[in-house]
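Asks: Here's a structure for you.
The values are calculated or read from the model by the stated rules, or taken from the named source; none is laboratory data. Everything quoted here is computed from the prediction, not taken from an experiment. Cβ: placed from backbone, ideal geometry, glycine included. Neighbour counts: every protein chain shown.
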Amino acid sequence: MTKAGWFAYSVLLGFLCCLVQPFSPAIAATSKVIVVEVDGIISPATSDFLTRSLKQAAEQDAGLVIIQLDTPGGLDTSMRSIIRQILASPVPVATFVSPGGARAASAGTFILYASHIAAMTPASNLGAASPVSIGIRDPTDKPDSDSGKKAAGDTMTQKVTNDAAAYIRSLAQLRGRNAEFAEKAVLEATSLSANEALKAGAIDIIAVNIDELLQKLDGRSVRLDNGTTVSLNTANSEIVQIVPDWRTEILALLANPQVAIVLMMIGIYGLFFELTSPGIALPGVAGLICLLLGLYAFQLLPVNWAGVALMAAGTGMMIAEAFLPSFGMLGIGGVIAFILGGLFLTDTGIPQFDLSIPFLIGFAISSALLIMLIGTVAARAHKHKVVSGREEMLGMDGVVSSVVDGMIYAEMHGESWRVRCNEPLSPGDRIRVVAMDGLILQVTRSGPAAITRY
């Protein structure tokens, strides 16, 4: 081939490359796979952990994030936060319900539907996604046909249920999955096994483990929400496991209403003890830290602030009972207000996020007893006679020891003090302190001079 032929061939090849590149169906992804395990209730700690994990995956240019999921459900606010992060993720997200026996119930079903890839292991299930909220009956319950009227909670039930059904339907339409089952999972609490879900088009893949999942995903194209199409290259991927760190563990501990109440009450105890017995400092510092942690824990939870106000009022009444005896009325009222506040504090329908009546009664009574005990000890301490300082000198008796150049000195408690009196004093005169001016005592004569016998 001549030089002119080679030149023409090169120009033609370059032109064809320019034509092909814009219509390339996918962008090759990197081979790193991030695996994040979520086992348990969907909580604020879970949301924070997954948010940071997805951010880390994007920073490491990972090709895929696998959420290994096993959950009975959780808080709606945490679930929606996780879904927003998945939808905005620049890295494809595959939710894998695993290991065998795992489930993606309630909030887990929503997360599975929101993911770019939905996978399950055999002997796992999904569904039962009926919403549970404050004062809401089970959406599968039928209204009383005899009365012909809707129960008070029916309107709120329909509102929340229809909102959840529309939400999961939109996720199903976004990912091209079975929207009919998704709505039934919300409206009728329907569940499916892994095989049933695959046949129904609710999930994409069934795999025994992560290795098999990666093999089945290799070469699959995934369209991200930003419009980019990604071709997964997972056959020989480097798997990086992200485990919960100390921050997640602390958030999981704080996102518990019982822990939040205990922290708040310890804070109140500490500050109360510091105010009644100032000078120690440690109870005040520890109390302030615990009180702030307790308030932060309440901020994490879907609490009813009317319940918090009732608990605070109850605590205030119990403290008042320690200083203003009211024949027990303030104390009893405080215990009742504390218990009612705890009952109204959270009502999620999830045992891990609700307070039991036995816990509230026991904690309220023990709090009342402890506060009254601290108040009684503090009151007794204030009634004790002062044994040091300015107050201790007033009213003290002594004896004039000497008079030198017009300055009078007296013995007081074995110490020599300079004294001043409005009448002449002689050595041996008995005196009594009536005032104190700096280091000079103002005294009066309290008796005749002591008779010295030789």
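Asks: For segment 182-206, give me each residue that is surrounded by fewer than 16 Cβ atoms within 10 Å (Cβ to Cβ), in a loop (DSSP other than H, G, I, E, B) and of a type in the set (Gly, Ala, Ser).
Replies: Residue satisfying the conditions is GLY201 alone.
Asks: Another question, then. Being in the same structural domain as ALA235 (by TED's automatic domain parsing) and closer than 25 Å to ARG220 by Cα narrows it down to one residue among ILE66, ILE42; which is it?
Replies: After ruling out the rest, the residue left standing is ILE66.
Asks: Of everything in segment 267-300 that's in contact with a Leu (Cβ under 8 Å, 6 or more places away or on another chain) and among the hydrophobic types (A, V, I, L, M, F, W, C), which residue is surrounded by the fewest Cβ atoms within 10 Å (Cβ to Cβ)?
Replies: Per the stated criteria, the residue is LEU288.
Asks: Count, please, the residues in segment 281-314 that happen to be small (Gly, Ala, Ser), within 18 Å of PHE363 (Cα to Cα) and touching a Phe, Trp or Tyr at 6+ places or on another chain (Cβ under 7 Å).
Replies: Qualifying residue count for the region: 3.
Asks: Before we move on, is GLY135 in the same structural domain as GLY227 (by TED's automatic domain parsing), on the phi > 0 side of the Ramachandran plot, under 33 Å from the mean Cα position of the chain (by Cα) and modelled with pLDDT under 85? Write out each step before concluding.
Replies: Values: in the same structural domain as GLY227 (by TED's automatic domain parsing): yes; on the phi > 0 side of the Ramachandran plot: yes; under 33 Å from the mean Cα position of the chain (by Cα): yes; modelled with pLDDT under 85: yes.
Judged against the criteria, GLY135 is a match.
Asks: Now a separate question. Need the failing condition index for HIS384 against (1) modelled with pLDDT under 80; (2) in contact with a strand residue (DSSP E or B) (Cβ under 9 Å, 6 or more places away or on another chain), just the number.
Replies: Only one criterion in (1) modelled with pLDDT under 80; (2) in contact with a strand residue (DSSP E or B) (Cβ under 9 Å, 6 or more places away or on another chain) is unmet by HIS384, namely (2).
Asks: Among what's in segment 408-454 and is surrounded by 13 or more Cβ atoms within 10 Å (Cβ to Cβ), over 14 Å from GLY395 (Cβ atoms) and among the small types (Gly, Ala, Ser), pick the residue that is modelled with the highest pLDDT.
Replies: Ranking the qualifying residues of segment 408-454, first place goes to ALA410.
Asks: If you go through segment 266-280, how many residues are without any contact (Cβ under 8 Å) to a residue 12 or more places away in the chain and in a loop (DSSP other than H, G, I, E, B)?
Replies: Qualifying residue count for the region: 3.
Asks: Hey, among the residues in segment 207-265 that are among the aliphatic types (A, V, I, L, M) and part of a loop (DSSP other than H, G, I, E, B), which one's farthest from LEU345 (Cα to Cα)?
Replies: ALA235
Asks: Now, a different point. With respect to LEU373, determine if the residue is in a helix (DSSP H, G or I) and either modelled with pLDDT under 75 or over 30 Å from MET318 (Cβ atoms) (or both).
Replies: yes
Asks: Still on this structure, I have one more. Name every residue in segment 207-220 that is touching a Leu at 6+ places or on another chain (Cβ under 9 Å) and loosely packed, with under 13 Cβ neighbours inside 10 Å, in order of residue number.
Replies: GLY219
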